[in-house]
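The values are calculated or read from the model by the stated rules, or taken from the named source; none is laboratory data. Please read these numbers as outputs of a predicted model, since none were measured by experiment. Heads up: the accessible areas ignore ligands, DNA and RNA and are worked out on the full protein's heavy atoms, side chains in. Shrake-Rupley method; radii C 1.70, N 1.55, O 1.52, S 1.80 Å.
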Amino acid sequence: MSKGEETRAAVLDEAARQVSLVGLGGLTIGLLAERTGLSKSGLFGHFRSKEQLQVAVIDWAGELFAERVLRPALKEPRGEPRLRELFDRKLRWDNGDLALPGGCFFTSVSAELDDAPPGPVRDRVVQIERDYVDTITTVFRTGISEGQFRPDADPEQYAFDIRGVLMSYHLASRLLADPQAEDRARAAFEALLRAARI
């Protein structure tokens, strides 16, 4: 990595941390300059506009999510073991050793952008979320092909349901500080698996 690439990576890492706390709207070149000790003009050389900065930090967070959650989980055996690892790592991404300071970057940003008009920033978050749902759906579908789940089980419905559990967990653990949030999320996950098994 060149010096410029190292600087950009450090800036985007800090930007992702800040967005998890203050949202995309709160992320500014000034805040990043303060947090990284770089000049505003130096940062502007990396990101020519707030929109470019926002898209870059979304892409960075997407890569962090792939590195911490998706790729390790996809190394597990197909079907249920892979679903379990995806679920466990997503819990840890929301509120554990894989988390950014404000929890799940994408849950926070999604709430901020859900009513925003289409554009590069919103479209990028939508694509990352759709890709994640597609991953869950595909992993569940392989569980059907492996004979672990009922042939009539609906992978899209499973992905929808598990996303609901994960969003509920985020709210319960982060906002409500519910000490039972993880236990309840894991119980809901097990119930979904039981309902899908042969």
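Ellipticity at 222 nm from helices only: DSSP H runs of n ≥ 4 in the chain, each -39500 (n - 2.57), divided by the residue count, give -22000 deg cm²/dmol.
The mean sequence distance of close C-alpha pairs (under 8 Å, at least 6 residues apart), as a share of the length of the range 1-121, puts its relative contact order at 31 percent.
The base-10 log of I(q)/I(0) for the chain, evaluated at q = 0.18 Å⁻¹, reads -1.21 [Debye formula, identical scatterers on Cα atoms, solvent excluded]. Compute the Cα gyration tensor for the range 123-185, then decide on rounded, prolate or oblate, letting a ≥ b ≥ c be the square roots of its eigenvalues: rounded whenever a/c is under 1.5, prolate when a/b is larger than b/c in the other cases, and oblate in all that remain. Note, shape of the range 123-185 comes out oblate.
Rounded to a whole number of µm²/s, how large is the Stokes-Einstein D of the range 77-188 at 4 °C and 1.567 mPa s, given Rh as the Kirkwood radius over C-alpha pairs? Intermediate values should be presented prior to the final figure.
Numbers: Rh = 15.0 Å.
For these conditions, the coefficient is 86 µm²/s.
At full extension, Leu21 and Met167 could sit 50.8 nm farther apart than now, given 0.36 nm per residue minus the alpha carbon distance. Between Ala66 and Arg48, full extension at 0.36 nm per residue minus the direct alpha carbon distance yields a gain of 3.9 nm.
Looking at the chain, do any whole DSSP H helices span at least 24 angstrom along their long axis by alpha carbon and average -0.5 or above on Kyte-Doolittle, and which?
Numbers: long enough: 3-22 (28 Å, -0.25); 120-145 (37 Å, -0.20).
Result, helices passing both filters: 3-22, 120-145.
Apolar share of the accessible surface for the chain: 52 percent from carbon plus sulfur atoms, 1.4 Å probe. Proximity of backbone amide H atoms, modeled 1.01 Å from N, is registered between Gly79 and Gly143 at under 5 Å, excluding neighbours fewer than 5 places apart on the same chain.
Quick check for you: with a 1.4 Å probe and neighbouring chains kept, what is the accessible area per residue of the range 30-134, in Å²?
Working: 5110 Å² over 105 residues.
With the other protein chains kept in place, the range 30-134 gives 49 Å² per residue.
Less than 5 angstrom separates the built amide H of Thr28 from none of the residues sequence-distant by 5 or more or on a different chain. Largest first, the three principal axis extents of the alpha carbons in the range 30-88 are 50, 20, 13 Å in whole numbers.
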